Structure formats: structure tokens, C-alpha cells
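Data first, discussion second: the structure below is written as C-alpha cells.
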């Protein structure tokens, strides 16, 4: 995997690049994929997935670290299977995600199960599968897990998620580590809670967990949280015999080339270059090494984000007195991040057929919502009906957050490995959209 230059000064480690004027995914031309599988189309690079997983694993080699991929970022079976074969563990937040991991060849014994609202059915399924640990997010949940385990006459392995009250400095919808958020238990209450949990006969206290947010592009928030957490974790380890400390995920990627070129962005954090595995390890390893515990880390976006693109075709160009609208066949139901988070995705033409003038452009989708907008007044090469474009860095929180809003079939997904192409998920048909429903 090389360093691909996609635009301007932004260099990101991934396997998407222009060759002979055409955007390629590894060794396959993206326009060929669009012709074969249609658009909108998600395209993933196996080399990029593995490169980021192995890079992070290697950087943390000085400690007993396990990378547990966050399934919510991209839960396609082909993606999960690729990572499972490479040795990844998994961070899950639902019974459905556990089912997917097992279906893809992963092991429940290498899964941690987080989330604030686990049901009895999910807890029972995870116990039956042999989950490595539940991450409990309230005392009520701990007691409920104990009850479910008692009915099965087993002991449930658990960790408690600590809310360290550290602001990660990211978008308010993806910050999780302050007392304003629904996640975890307040730092000051943890030691007494572990004492009470230790008296529940059907729980096994196995570890401790934290996670402060997502899309963090600087090491400062990680360092601040760990400096606060490590003394607490040390005391809990000694008192309750804990074996692991899960330091969460949240490692961000650079979506906006302006960051790498020095322009400040309010949304993506203050880092002016991509956060590398080496940067992250340099910050966290010295802090956690003295604990002598197994360290879990839960990256999702960091592994999958730059491993995927969304390909769309221009349907119409609509010019008004004030705007240049480019209407494409992808919509907010396919990639909701711009509408939901005001998120930036770089947009590039799939083919470079000679120089084109740049035009301030709104790229919009066909969904009947004013919020179905991918960008506003962005300087883009002039686009024409029939052109293919790619939304970059769409491998995480893309298809996994897709819906059938406006009764639109969800896109196909393909996984590219060198010259090989796997149809990882076929495009939904209209019949798929009504399967399971009944007429009155």
C-alpha cells in the first residue's frame, strides 16, 4: 500500500489513486466497477483495511495490546472476514453485530460487547456464544447481566465503562466522555461500584473500559484521559484482579484536505496532518505500559474510513441565478454523514478527461429533503451529466448507516483485492424493500 496523492497537498495512506487519468481501487479502474455493478456503489480496498490494522498492531507491539475493530464503522461480512483472518478482535454494540462477527469467521471469545441498552435476548445470546466481556454502562445493567447469567447458571465476564469527564474536542454528536453524555459511569463513583459488583455472584470482574469520543485527530485528549485513568485502573487491578484495560477507540482520519494544508477546521479537531499509528503509540504506550495489563483498543474509522469510497453518477446539472447544482444518484440515505454531522467528504471526478475549469458547486441527492446535500459552494471541476464522481473516505459510517428512506434500495458493496473483485453485497431490489411486509 502506497501513499496516494488524491488532491492538493493531502497525502493519506490508502490504495485509491489515479492511473492513466482514471481513479483506481488498487489495480481495478473504478469506472469499470461502476459499469459492472451500477451506482451508487461502495468500493472497499482490502489492502487499505489490512494496512491500517497491521500498522496499528505493529505500533503497539511494546505492550500486550489487542486491536478490536469497532464493527459499527463497517459491518460488511467481507470486511469483518478480512480482519478476522488477519487476527483482529472485535468491539460490538448489539447482538446483531455479534452474529455478523461469528458469521464472518470471527470468535465471540474475542469480542467485547458495549452499549447502554443491551436486552435480555442479546445478553443471553452473547453468554451462549462465549463473549470475552460485557462492557456495562450503568449499575442497573450490571445487576441485570447478573440476573440473566444466574438463570443460565454461569458467570458473566464484565468490565465497567468509566466516564472520565474528558472533552475530546470533536463534534457534539460523537463526543462520549463527558458527564453530559449518556455513556459510562462517573469517574468518582467507579471504585465503590466495583466493590458492589464484586458481591454479585454471577459476575466475573474482568476489566475496565473507557472511550472518550470519535474522530479525534490529535493525541492530547487521549493523553489527558489516560493520565486521569491509569491510577484508578491500577487500584482496581490490585483490588479485583482485573486482567485488561480497554482504552477505547476514536482515532480520527483527515477528511478535509484543508487540514493538511494548514487551514483550520472547526469540525475535525486541531491536527494539521493525519494521526499516524506511531503518533498514537508514542502518546499512549508510556502511560499504559506500567500497568502490566492486557490493553484493548477499539478503532473503527481509523481502519475502515480511508478504505472505502462511494461512487455516484451525475444525473443533472441545474443552474440558477445563484447556484450551480449537480444532482447525483447517491443521496443522504446512502451516505448520511454530511446531513447528520455536517461532515466533509472530498469529492473527485472518477475520470480526468483533460483540464476543466472549477465551478462553485452544490452536490445534492434526489431525496425529498433540503438536507440532502453533500457540499455547498465547493470549488469542483465542472461536472456534466453522466460523469462519475467519488466521495472519498467513505468506508466508515457509510453503508452501515444507510437506510431505505424514500423507498430507495441500498447500494451494492464490492471489495477489491489487487485485481480481484468480490461482490460483497448485491444491490437491493424493489422486492427486497417490501419483503416481510403485509398488505391490509
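Per residue, the convex hull spanned by the Cα atoms of the chain amounts to 151 cubic angstrom. As a proxy for reagent exposure, ranking 240, 134, 245 by other Cβ atoms within 10 Å from fewest up yields 240, 245, 134.
Ranking of 323, 153 by neighbouring Cβ atoms within 10 Å, starting from the fewest: 153, 323. What is the Cα centroid distance between the stretch 294-334 and the stretch 76-93, reported in whole angstrom? The distance from the Cα centre of the stretch 294-334 to that of the stretch 76-93 comes to 23 Å. Nearest 10 degrees is fine. How inclined is helix 139-152 to the longest principal axis of the chain, computing both from alpha carbons? Roughly 80 degrees, rounded to the nearest 10. Legend: calculated FRET efficiency, residue 278 to residue 17, from the Cβ-Cβ distance at R0 = 22 Å, rounded to 0.05, equals 0.45. Taking the chain as a Gaussian network of alpha-carbon nodes connected by springs under 10 Å, the highest mean-square fluctuation of the residues 402, 59, 140 belongs to 140.
Mind checking the full-extension length gain between residue 140 and residue 99? Use 0.36 nm per residue of separation minus the Cα-Cα distance, one decimal, nm.
Here the segment from residue 140 to residue 99 would lengthen by 12.3 nm.
Please state, to two decimals, what the Cα-based radius of gyration of the stretch 1-132 comes to when divided by 2.2 N^0.38 Å (N = residues). Taking the Cα Rg and dividing by 2.2 N^0.38 Å, one obtains 1.26. Here the average projected area of the convex hull drawn through the C-alpha atoms of the stretch 326-390 stands at 4.2 nm². Residue order for 199, 22, fewest other beta carbons within 10 angstrom first, comes to 199, 22. Computed over the chain with a Gaussian network model linking Cα atoms closer than 10 Å, the most mobile of 334, 146, 238 is 238. Rounded if a/c is under 1.5, else prolate if a/b beats b/c, else oblate: with a ≥ b ≥ c from the C-alpha gyration tensor eigenvalues square-rooted, which is the stretch 189-251? Prolate, since a/c reaches 1.5 and a/b exceeds b/c.
FYI, it's all coordinate maths here, none of it is from the lab. The structure presented is a predicted model; accordingly, all values stated were derived computationally and were not measured. Positions of Cβ are backbone-derived with ideal geometry, glycine not excepted, and every protein chain shown enters the neighbour counts.
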